[in-house]
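The values are calculated or read from the model by the stated rules, or taken from the named source; none is laboratory data. Values in this document were obtained by computation on a predicted structure and should not be read as measured data. Note: ideal-geometry Cβ built from the backbone for every residue, glycine included; neighbour counts use all protein chains shown.
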Amino acid sequence: MSNFDEREKAFENKYARDQELAFRITARRNRLLGEWAAGLMGLTSEETEAYAKAVVQADFEEAGDEDVIRKVLGDLVSAGVETDDQKVRAALGDKAAEARRQFMKED
């Protein structure tokens, strides 16, 4: 294998690892957001676990974060929680930072 082929393979492997890490961070961020929203809705620990999983699943509906925001905001409003789009987006950003920190500690 030539030096160029080895270098290309190394870049491909790094890209694959980076993509997997990004996916895992996003999934953790969504779980943390679900737990945050469940706390606002006063769910039990069992309900919180199920809701957090549902938020993670919601991210597979479409590309981007809008599906997650729409689900969480809709559920909060339906539960009578005083909130708006900005608060959910801010929480999403906070949970993204928290998820990244958690993964950095694991390494």
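Residues in segment 22-64 that are at pLDDT 95 or above, acidic (D, E) and farther than 21 Å from E106 by Cα: E46, E47, E49.
Could you go through segment 9-18 and let me know if any residue there is surrounded by 11 or more Cβ atoms within 10 Å (Cβ to Cβ), assigned to a helix (DSSP H, G or I) and modelled with pLDDT under 90.
yes
Residue check: E98 meets all listed conditions (1) free of Cβ contacts under 8 Å to residues at least 60 places away in the same chain; (2) assigned to a helix (DSSP H, G or I); (3) within 13 Å of N30 (Cβ to Cβ) but one, namely (1). Would a scan of segment 82-94 turn up a residue that is farther than 13 Å from L40 by Cα, exposed (fewer than 15 other Cβ atoms within 10 Å of the Cβ) and among the hydrophobic types (A, V, I, L, M, F, W, C)? Yes; the residues of segment 82-94 include at least one that is farther than 13 Å from L40 by Cα, exposed (fewer than 15 other Cβ atoms within 10 Å of the Cβ) and among the hydrophobic types (A, V, I, L, M, F, W, C).
Filtering segment 63-80 to residues that are under 19 Å from A22 (Cα atoms) and surrounded by 15 or more Cβ atoms within 10 Å (Cβ to Cβ) leaves D65, D67, V68, I69. All of (1) under 11 Å from the mean Cα position of the chain (by Cα); (2) not in a helix (DSSP H, G or I) hold for G80 with one exception: (1).
To keep it simple, each residue is scored yes or no on (1) free of Cβ contacts under 8 Å to residues at least 60 places away in the same chain; (2) out of contact with any helix residue (DSSP H, G or I) (no Cβ under 6 Å at 6 or more places or on another chain); (3) not in a helix (DSSP H, G or I).
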site	(1), (2), (3)
L33	no, no, no
A38	yes, no, no
F60	yes, yes, yes
A63	yes, yes, yes
R70	yes, yes, no
L73	yes, no, no
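Restricting attention to segment 45-62 and to residues that are more than 16 Å from V81 (Cβ to Cβ) and polar (S, T, N, Q), the residue that is surrounded by the fewest Cβ atoms within 10 Å (Cβ to Cβ) turns out to be S45.
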